[in-house]
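Since the structure comes first, as structure tokens, the remarks are kept for the end.
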Amino acid sequence: MKKMIQNYKSLIEEISNEVKEGFLTEKDQIQVLRDEKPLMQDYCPILDWYYDAFVMQQEMETPLEEMYLEEEFTKEEWQEMHQDLEQYKKQYEAEKEKLITISVKDALTEMKQMQKLFK
């Protein structure tokens, strides 16, 4: 339970920051990955999230060179960014079939309610 609450705190903060920065609105749809094992009765906690399928498809197809200027990074940073992006793509592809679409507002509300329930 404690791990879920800590994960929810982090996810709430991350998604809330995306809203504050204007990348998401509460009405937008996101994709969530839920634990396959119910925590209680039939509740499967949210483990992670991604942007909607359309945005993720664009991210998967956009080369790093079109997102950032290589000159702004050291060679090592650039290589690490390439590795991170490839890892992110592989992770998304592996989880894609398990993702559920939900509104930002519903995801935040659910996680905040579960946090209160288990505090």
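Hey, among 119, 90, which residue is over 13 Å from the mean Cα position of the chain (by Cα) and either open to solvent by less than 70 Å² (accessible area, probe 1.4 Å) or free of Cβ contacts under 8 Å to residues at least 40 places away in the same chain (or both)?
Working: 119 fails: either open to solvent by less than 70 Å² (accessible area, probe 1.4 Å) or free of Cβ contacts under 8 Å to residues at least 40 places away in the same chain (or both).
Of 119, 90, the one residue that is over 13 Å from the mean Cα position of the chain (by Cα) and either open to solvent by less than 70 Å² (accessible area, probe 1.4 Å) or free of Cβ contacts under 8 Å to residues at least 40 places away in the same chain (or both) is 90.
Looking at the structure I just gave you, is residue 19 more than 21 Å from residue 95 (Cα to Cα), β-branched (Val, Ile, Thr) and in contact with a helix residue (DSSP H, G or I) (Cβ under 8 Å, 6 or more places away or on another chain)? So residue 19 passes the test. Every test in (1) at pLDDT 95 or above; (2) within 18 Å of the chain's Cα centre (by Cα); (3) assigned to a helix (DSSP H, G or I) is passed by residue 71 save one, and that test is (2). So, residue 100, is that one β-branched (Val, Ile, Thr), touching a Phe, Trp or Tyr at 6+ places or on another chain (Cβ under 8 Å), at pLDDT 95 or above and within 24 Å of residue 7 (Cβ to Cβ) or not? For residue 100, the condition - β-branched (Val, Ile, Thr), touching a Phe, Trp or Tyr at 6+ places or on another chain (Cβ under 8 Å), at pLDDT 95 or above and within 24 Å of residue 7 (Cβ to Cβ) - is not met. With respect to the stated conditions, residue 3 fails to be surrounded by fewer than 11 Cβ atoms within 10 Å (Cβ to Cβ) and more than 21 Å from residue 116 (Cβ to Cβ). Here residue 52 does not qualify as touching a residue at least 60 places away in the same chain (Cβ under 8 Å), open to solvent by less than 70 Å² (accessible area, probe 1.4 Å) and of a type in the set (Asp, Glu).
The values are calculated or read from the model by the stated rules, or taken from the named source; none is laboratory data. Small disclaimer: the values here were computed from a predicted structure and weren't measured. When we count neighbours, we look across all protein chains shown, and the Cβ atoms used for this are built from the backbone with ideal geometry, even at glycine. The protein model used for the area step is the full one, side chains on, heavy atoms only, and it has no ligands, DNA or RNA in it. Shrake-Rupley method; radii C 1.70, N 1.55, O 1.52, S 1.80 Å.
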